[in-house]
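Have a look at the structure below, then the notes.
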Amino acid sequence: MSHHDPRAVATVPNNRPSYLTFGFAWLLGYSAFALTYGDEPSLPIPSAVAPVLLLGGLLTGLVVTGVFAVRAQRGAHGREAVVGILLAASWLIGFAALYLIITALETALQDVQVQTLLWPTGSGLVVGMIYLAGGSVYRDLVQYALGAWLAVTSSAALLLDGANLYWVLAIAGGGGYLVAALCRSRHDGSSRLKEARLNGLA
C-alpha cells in the first residue's frame, strides 16, 4: 500500500503547448510592431495589424494555458493542488501590480511613452518571475531557465530605442519560448522512454 509523501515534488505540468502558443505570439506580434514602428515603417501595413497579432496570440496562449492548467488540477491533491492555485493567482497579482505601476508612472511623468515602453517589457519581467517561481516549485529546469531568460532579456530591452526594443522581444523572447518547447518535448520523450524501459524490466 503506497502512502502519499507530503514532501514529494509536484508533478511537472505539460507546458509545451503554452510555450509554443506564446512563442509564436511574441515572435509574430513583436516582429509586426518592429516592422511598423516609426513614421517610415519597414512594412507598409495598417497599424492595427501588430496589436491584433500580439493580443490575439496572447489571448490564445492564455486559453491554452488555462485549459491545460485545469486538466492538471483535476488529478491534483493536497500540496500539488495548492501549488497550482497559487501559481495561477500569481498571474493576476503580477499583472495587476504592473498595471498600477505603469498607471502611476504615466500620471506622474505625463508621458504616454511610459505605456509603450513598460507594457511589453514589464509583461516579460512579470511572466519571467512567475516561471522562475514555477520552475523552483516543480524543479523544472526548462521552466526556470525560460523564466530567467525572459526576465533578463525583457528588462534589457529597455536599454534600446525604437524598433530594436521590439526586435529583442520578438527574437529573444519568442525564440526563448520556442527553444523551451523543444527542450520540454525532448525531456518528455526521454522520460517516456525511461519509463517504458523500466516497465519492460519489471
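Couple of notes before you dig in:
- From the list 137, 179, the one residue that fits, being open to solvent by 40 Å² or more (accessible area, probe 1.4 Å), within 18 Å of residue 15 (Cβ to Cβ), modelled with pLDDT of 95 or more and assigned to a helix (DSSP H, G or I), is 179.
- When residue 66 is tested against (1) in contact with a Leu (Cβ under 6 Å, 6 or more places away or on another chain); (2) under 17 Å from residue 17 (Cβ atoms), exactly one condition is not met: (1).
The values are calculated or read from the model by the stated rules, or taken from the named source; none is laboratory data. These figures come from a predicted structure and were not determined experimentally. Virtual Cβ from ideal backbone geometry, glycine too; neighbours counted across all protein chains shown. These area figures cover heavy atoms from the full protein model, side chains too; ligands, DNA and RNA do not enter into them. Shrake-Rupley method; radii C 1.70, N 1.55, O 1.52, S 1.80 Å.
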